[in-house]
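Bear in mind that the values in this text are calculations on the coordinates, not laboratory data. This is a predicted model, so every value here is computed, not measured. For neighbour counting, all protein chains shown are included, and Cβ atoms are generated from backbone atoms with ideal geometry for every residue, glycine included.
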Amino acid sequence: MFKVNVTLMKKCRINFWTIIIFSVYTFGCNSTEEIDPIIEDPKDQNDDKEEEVVAIPLKELFKDYFPIGAAITPQHADLATIHGEALVKHFNSVTAENVMKPESLQRNKGVYTWEGADRIVQFAKNNNLQVRGHTLTWHSQSPDWMFYDENGELLSREVASAQLEEHITTVMSRYKGDVYAWDVVNEAMSDWDPNGEIIYREDSPWYKIFGPSYIDSAFVFAHRADPEAKLFYNDYNSIFSWKRNKIYDLVKRLKDNNIPIDGVGLQGHWMIETSEQDIRTTLDLFRGLGVEIQITELDLPVYLSSNEEGSMVYTETFSQRQKQTYSMIFQVLLDYKDVITGVTFWGIGDDASWLDQPGRKAFPFLLDENLQPKPAYFEVQKLLN
Ligand code: XIL
């Protein structure tokens, strides 16, 4: 019950018998300032503390900053699942990961499939979640009939434009008042090109039919369909100078021409070594245009590069990396709360991510495989205290 600590006794300048007597009352010397009590490793103490901290739901943490969202499947839109439970606990916004894309809603011309999208919207309405719509005009996950005739030839501008307008109008009208924002055009800009000459994604069938003007048309159609909806241009790699400048020029051109665009979606498929300066410079740039900014598809895989060996286990190394980078990212986002109007993760928790590969899980979120807060979550929480 009582351990004799010789060093402690010496430090306190008291002899053995004195300590026996006084221990009855005090269980030892109280001058803790000078003395390290016997055992504990400071690291263990910190770990203990971390476990004791109660996680504050994400939507509470960020309530004075921005809505916080997750990309979901219709199966997640169910309170009887751990996903549904996590959604209502942590999030106040959702996006359909796939079921509002053109190939999901209108795989065959004129035949709409609403079931999955309706289910998400209904779940969101029942549980006070906003819905971000994704996406109306994209070169990918869009049916061939939007671009090609029965002989495989590109459609005329007139036909393609009428079909695009019909699609946008039908989809946005159905969810008018329920979907507050739409990614009207997704990924229209070209990626890195050595000479920096290629502005638009020229192999997109939209571009092949129209040149860049399909972007303008899509925003006009969208505004006509739902004048209240917030309209976004959304893209990835958007924090790198070689791409953000192209996006900047596009958005500026649209605004200068009075094309109704409200904001830019930075997808936010970021990396452990993503540069803080790149994010800040990008946010400054778009803030200067007077548009809203949303982080629309945030995820942060644990690997340093695609060459790093895959793992199915979430290691301490991964945890440390993610704590640091997530903390940096959210510190930056908090600093830009005046222009950031939403932050959406591209999933809910580490159980499922579009980045997972056989033998190589991405573990890209703040919630783990059981949808419980990870150490990175607590690190982010610290920023708000
Ligand atoms: C991804 C989905 O997460 C996957 O399930 C699907 O197989 C492919 O598309 N940029 C986007 C998203 O705008 O629509 C993509 O979503 C991820 C990259």
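Could I get the Rg over Rh figure for segment 211-298? Both from C-alpha atoms, Rh via Kirkwood, rounded to two places.
On the way: Rg = 13.2 Å, Rh = 13.5 Å.
With Rg and the Kirkwood Rh in hand, the quotient comes to 0.98.
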Quiz item: For labels at Thr170 and Thr315 in the simple 7 Å Cα→Cβ model, what's the distance in nm?
Solution: 5.1 nm
Exercise. Enter the mean projected area of the convex hull around the alpha-carbon atoms of segment 121-237, in nm², rounded to one decimal.
Key: 8.3 nm²
Quiz item: Among Lys243/Lys323; Lys101/Lys208; Lys125/Lys230, which pairs are too far apart, with a Cα-Cα distance over 25 Å?
Solution: Lys243/Lys323
Quiz item: In bins 20 Å wide, starting from 0, what share of all Cα pairs of segment 60-384 does each bin hold, as a percent?
Solution: 32, 60, 9
Self-check item: segment 202-217 - phi-based ³J(HN,Hα) in whole Hz, Karplus 6.51/-1.76/1.60, Gly and Pro as x
Solution: 6, 8, 6, x, 4, 5, 4, 7, 10, x, x, 5, 5, 5, 4, 4
Quiz prompt | Contact order normalised by residue count of the chain, Cα under 8 Å, 6+ apart, percent | solution = 15 percent
Quiz item: Does anyone have the angle between helix 16-26 and the longest principal axis of the chain? Alpha-carbon axes, 0 to 90°, nearest 10?
Solution: 50 degrees
Self-check item: For the chain, share of DSSP beta bridges that run antiparallel, in % to the nearest 5
Solution: 15 percent
Practice problem: Using a 10 Å cut-off on Cβ atoms, rank the peptides 310-318, 69-77, 327-335 from the highest mean neighbour count down. | Solution: 69-77, 327-335, 310-318
Quiz item: Considering amide H positions built from the backbone, and no H for Pro or chain starts, which residues 5 or more places from Gln130, or on another chain, come under 5 Å of its amide H?
Solution: Ser93, Val94
Exercise. Could you list which residues have their amide H under 5 Å from that of Gly342, counting only those 5 or more apart in sequence or on another chain, with H placed in the peptide plane?
Key: Ile295
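Taking R0 as 35 Å, what FRET efficiency do you get between Ser305 and Arg253 from their Cβ-Cβ distance, rounded to the nearest 0.05? Walk me through the intermediate numbers first.
Working: r = 35 Å, r/R0 = 1.01.
The calculated FRET efficiency here is 0.50.
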Quiz item: Could you give the nm distance between label points at Leu79 and Thr113, where each point is 7 Å from its Cα heading toward the beta carbon?
Solution: 2.9 nm
Exercise. Kindly rank 278-291, 180-193, 103-116 from highest to lowest mean number of other beta carbons found within 10 Å of each residue.
Key: 180-193, 278-291, 103-116
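For the chain, what does -39500 (n - 2.57) per DSSP helix run (n ≥ 4), summed and divided by total residues, give at 222 nm, in deg cm²/dmol to the nearest 500?
Numbers: 14 runs with 153 residues, N = 385.
It comes out at -12000 deg cm²/dmol, rounded to the nearest 500.
On a full-extension model of 0.36 nm per residue, what is the gain between Gln141 and Gln331, subtracting their alpha-carbon distance, rounded to one decimal in nm? Kindly include the intermediate steps, with their values, before the conclusion.
Details: separation 190, 0.36 × 190 = 68.40 nm, distance 3.40 nm.
Working it through step by step, the gained length comes to 65.0 nm.
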Practice problem: Compute log10 of I(q)/I(0) for segment 256-385 with the Debye formula, placing one identical point scatterer on every Cα and leaving out solvent, at q = 0.11, 0.13 Å⁻¹, to two decimals. | Solution: -0.41, -0.56
